[in-house]
Amino acid sequence: MDIIYTIWLRNIKRYLRSKSRIVGSLGMPLFFMLVLGFGLNSVVQIPDTGQGYFEFIIPGIVAMSVLFTSVFSGIQIIWDKQFGFLKETLVAPVSRLEIMLGQTFGGASTAFIQGLIILVLSLFIGLSLSSAAGFVIAFLFMVLIGIAFTAFGIAIASRMEDMHGFQLIMNFVIFPIFGLSGALFPISSLPAWVQPLTLLDPLTYGVEGIRYGLTGASQINPVVSFIVLTAFSGLMTVAGAWLFRKMSI
Amino acid sequence: MGAYRCALPARNATADSSPHSTIHSPHNTQGILPMPAISAENLTKNFDDFVAVDSISFAIDEGEIFGLLGPNGAGKTTTISMLSTMLKPTAGKATVNGCDILDQEDGVRKSIGIVFQDQSLDEELTAYENMDFHGRLYRIPGEQRKEKIGELLALVGLEDRRHDLVKTYSGGMRRRLEIARGLLHEPKVLFLDEPTLGLDPQTRNHLWEYIERLNREKGITIILTTHYMDEADRLCDRVAIIDHGTIIAMDTSQALKNQIGGDVVIVESPDPDAAADVLNAPWVANIERRDGSVVLSMQDAEHHIPEIVTDLHRHDIAITSLSVHNPTLEDVFLHFTGRSIREETASGMETMRMFHQRMRR
Ligand SMILES: Nc1ncnc2c1ncn2[C@@H]1O[C@H](COP(=O)(O)OP(=O)(O)O)[C@@H](O)[C@H]1O
Ligand SMILES: [Mg+2]
């Protein structure tokens, strides 16, 4: 536990110190929120619930923020590998599992904070606070997304030699995961052939869970979302831990 | 923590005919049975088809300063990586502080401190935070950790910069911090892989003095690699010269220098072959051709100089220059490998590499 906390603490310290990264990674979510949310709010109305588009898209943007931050946090161990710091950690008498878990919780925490900032900003811009319990539900799903995708990032990083593959992963894995997740469109309004893909996308359940928490309405039962996303987080953590253990430096 | 030590290595236990022998009681192992700080037996590492470390064996006593010398690519870092459990050997075995590097990884890791060849600090953290991270990883309790960090940072002269981010540090400061960090958990064995690489001579001297004091005062066993031969000569109790993954000579540096056969005389001549023929006298212990010169080893070189000059003169062989010096480890290396360790180019390349690494940050 001490070791996990130690690794976690380092991640948090580095995160809080990288002001430009915090601000920088707010850019894209804010852009989506303002341009799509406001731009389309008057044009689009969500069929089943009658929500405005702005209200609909906020959970998606929060999920996106958590997704990107967590994948990036996980992949960061490549920097540690290249800059030598990973050796210092790996030569200590601690298990790789502890290191991996510390890294995962650290990444998940920073991703959660990043999502929280978007959430708070959207409160100022026009999201109406429904219920406190709903917020807690949304938080829970944010944390689960954070854990799942930090672990995913660690798994990827364990197999990568340097940052060169990062763009590839972003373009061919992370953007599709985001695009197919129902963050920007209601699942029911997608073409029939896309819907199964959406339901295979783990992020869909995160978005739907957050959406349920924030707006009280979702197209997937929140209990189902919770079970699927928890299972996925567990799976990713096991995969990440396994690949990290096998990683050579 | 500092007294940490593994039980007898499995090798000894099985060699003992009586499995119930009381010698294996942990109270007995210390003191009664002297155990080498490090012992390696036929340690080998292949990278695909390439043999980086080729079946090397050696033993290092507790409290010894042991130098691994060799040119770039000789296999020094690979050897240290295996001994510190960072790399699995292809064949062979080794123990560190009595712990088997394969079966008792955790024991090895608790016993050692290491300063890697390449920097391994978190530059976004302060010196104190880097130390604190390390102390927590090695489970040093809070109060003790704090105290020890203060002590060590003072020792390496970084006290007043302790709360500055490491990215504002110079190369020498980083190295000192890494050494302090490697000592925080009071290791029995300290590995230093090119600790003075890329540092200016003054900082280098300073660091060596410090390392020597550590060894003297705390009895820490130190194994270091360098390709600065003069430094190794001054500091190490024993050195092993390693080339192409094999140990080609291992002894005290004095004994190694004695093996050359006395002082070194270098005769430069337009016709070195003829000079070599003429100078092949019984009092010459060793004679070698090197570039445009003849290198001779002999006892009492001073007294043979007149003879050398007259002999060459008698055969009408010109002398461009003639010099005499006490043998150095550089000469030892030349003697055993027929090549110069090429300190300048090697260290130049390494420095470039480190520089390059820093630039990528
Ligand atoms: N991970 C690796 N993969 C392939 N070859 C390696 C690896 N690490 C080291 N080598 C090779 O092994 C040899 C010994 O390297 P090293 O131990 O770093 O030498 P030294 O530290 O003495 O300069 C070199 O030829 C080097 O290129
Ligand atoms: Mg090396």
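The values are calculated or read from the model by the stated rules, or taken from the named source; none is laboratory data. The structure displayed is predicted, hence computed values, not measured ones. With ideal geometry, Cβ positions are generated from the backbone for all residues, glycine too; neighbour counts draw on all protein chains shown. In case anyone asks, the SASA skips ligands and DNA or RNA and just uses the protein heavy atoms, side chains included. Shrake-Rupley method; radii C 1.70, N 1.55, O 1.52, S 1.80 Å.
Which members of the range B:69-114 meet the condition of being away from chain A (no Cβ under 13 Å) and in a strand (DSSP E or B)?
B:Leu69, B:Ala91, B:Gly92, B:Lys93, B:Ala94, B:Thr95, B:Asp100
Scan (1) more than 14 Å from chain B (Cβ to nearest Cβ); (2) crowded, with 18+ Cβ neighbours inside 10 Å for the single condition A:Arg10 breaks and write down its number.
Condition not satisfied by A:Arg10: (1).
So which residues in the range B:102-125 are in contact with a helix residue (DSSP H, G or I) (Cβ under 6 Å, 6 or more places away or on another chain) and away from ligand 1 (no atom under 16 Å from the Cβ)?
Selection gives B:Gly113, B:Leu121, B:Asp122, B:Glu123, B:Glu124.
Every residue, every condition in (1) open to solvent by 50 Å² or more (accessible area, probe 1.4 Å); (2) in a loop (DSSP other than H, G, I, E, B); (3) touching a helix residue (DSSP H, G or I) at 6+ places or on another chain (Cβ under 6 Å), yes or no:
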site	(1), (2), (3)
A:Phe175	yes, no, no
A:Gly182	no, yes, yes
A:Thr198	no, no, yes
A:Glu208	no, no, yes
A:Gln219	yes, yes, yes
A:Val224	yes, no, no
A:Phe232	no, no, yes
A:Ala241	no, no, yes
A:Phe244	no, no, yes
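If B:Gly182 passes every condition in (1) within 26 Å of A:Lys87 (Cβ to Cβ); (2) more than 20 Å from the chain's Cα centre (by Cα); (3) assigned to a helix (DSSP H, G or I) but one, which one does it miss?
B:Gly182 satisfies all of (1) within 26 Å of A:Lys87 (Cβ to Cβ); (2) more than 20 Å from the chain's Cα centre (by Cα); (3) assigned to a helix (DSSP H, G or I) except (2).
Could you list, in sequence order, all residues of the range B:40-65 that are small (Gly, Ala, Ser) and surrounded by fewer than 20 Cβ atoms within 10 Å (Cβ to Cβ)? First the steps, then the outcome.
Of all residues in the range B:40-65, those small (Gly, Ala, Ser) come to B:40, B:52, B:55, B:57, B:59, B:63.
Within the range B:40-65, B:Ser55, B:Ser57, B:Ala59, B:Gly63 qualify.
Tell me, please, whether a residue that is facing another protein chain (nearest Cβ under 10 Å), touching a residue at least 40 places away in the same chain (Cβ under 8 Å) and open to solvent by less than 20 Å² (accessible area, probe 1.4 Å) can be found in the range B:140-159.
No; the residues of the range B:140-159 include none that is facing another protein chain (nearest Cβ under 10 Å), touching a residue at least 40 places away in the same chain (Cβ under 8 Å) and open to solvent by less than 20 Å² (accessible area, probe 1.4 Å).
Mind telling me which of the residues B:Ile308, B:Ile241, B:Ile248, B:Ile260 ends up being over 28 Å from the mean Cα position of the chain (by Cα) and either within 24 Å of B:Ile56 (Cβ to Cβ) or buried (at least 19 other Cβ atoms within 10 Å of the Cβ) (or both)?
Details: B:Ile241 fails: over 28 Å from the mean Cα position of the chain (by Cα); B:Ile248 fails: over 28 Å from the mean Cα position of the chain (by Cα); B:Ile260 fails: over 28 Å from the mean Cα position of the chain (by Cα).
Step by step, each of B:Ile308, B:Ile241, B:Ile248, B:Ile260 is checked, and only B:Ile308 is over 28 Å from the mean Cα position of the chain (by Cα) and either within 24 Å of B:Ile56 (Cβ to Cβ) or buried (at least 19 other Cβ atoms within 10 Å of the Cβ) (or both).
Specify which of the listed residues (B:Gln104, B:Gln119) is assigned by TED's automatic domain parsing to the domain that holds B:Glu209, among the polar types (S, T, N, Q), closer than 24 Å to B:Gly198 by Cβ and surrounded by 21 or more Cβ atoms within 10 Å (Cβ to Cβ). Give the derivation first.
Values: B:Gln104 fails: closer than 24 Å to B:Gly198 by Cβ.
The unique qualifying residue is B:Gln119.
Quick one: in the range B:66-94, which of the residues that are open to solvent by 20 Å² or more (accessible area, probe 1.4 Å) and in contact with an Asp or Glu (Cβ under 6 Å, 6 or more places away or on another chain) is farthest from ligand 1 (Cβ to nearest atom)?
So the residue we want is B:Lys93.
How many residues are β-branched (Val, Ile, Thr) and more than 23 Å from B:Glu62 (Cβ to Cβ) when one looks only at the range B:72-109?
Looking only at the range B:72-109, we keep the residues that are β-branched (Val, Ile, Thr), and these are B:77-80, B:85, B:90, B:95-96, B:101, B:108.
Those left that are additionally more than 23 Å from B:Glu62 (Cβ to Cβ): B:77-78, B:90.
Of the residues in the range B:72-109, 3 are β-branched (Val, Ile, Thr) and more than 23 Å from B:Glu62 (Cβ to Cβ).
For the range B:185-196, what are the residues that are buried (at least 21 other Cβ atoms within 10 Å of the Cβ) and either within 16 Å of ligand 2 (Cβ to nearest atom) or more than 17 Å from the chain's Cα centre (by Cα) (or both)? First the steps, then the outcome.
Residues of the range B:185-196 that are buried (at least 21 other Cβ atoms within 10 Å of the Cβ), as a first pass: B:185, B:187-196.
Hits for the range B:185-196 are B:His185, B:Pro187, B:Phe191, B:Leu192, B:Asp193, B:Glu194, B:Pro195, B:Thr196.
Just to be sure, is A:Leu16 without any contact (Cβ under 8 Å) to a residue 40 or more places away in the chain, out of contact with any strand residue (DSSP E or B) (no Cβ under 7 Å at 6 or more places or on another chain) and closer than 16 Å to A:Ser70 by Cα? If you could, list the steps in order and put the result at the bottom.
Numbers: without any contact (Cβ under 8 Å) to a residue 40 or more places away in the chain: yes; out of contact with any strand residue (DSSP E or B) (no Cβ under 7 Å at 6 or more places or on another chain): yes; closer than 16 Å to A:Ser70 by Cα: yes.
In short, yes.
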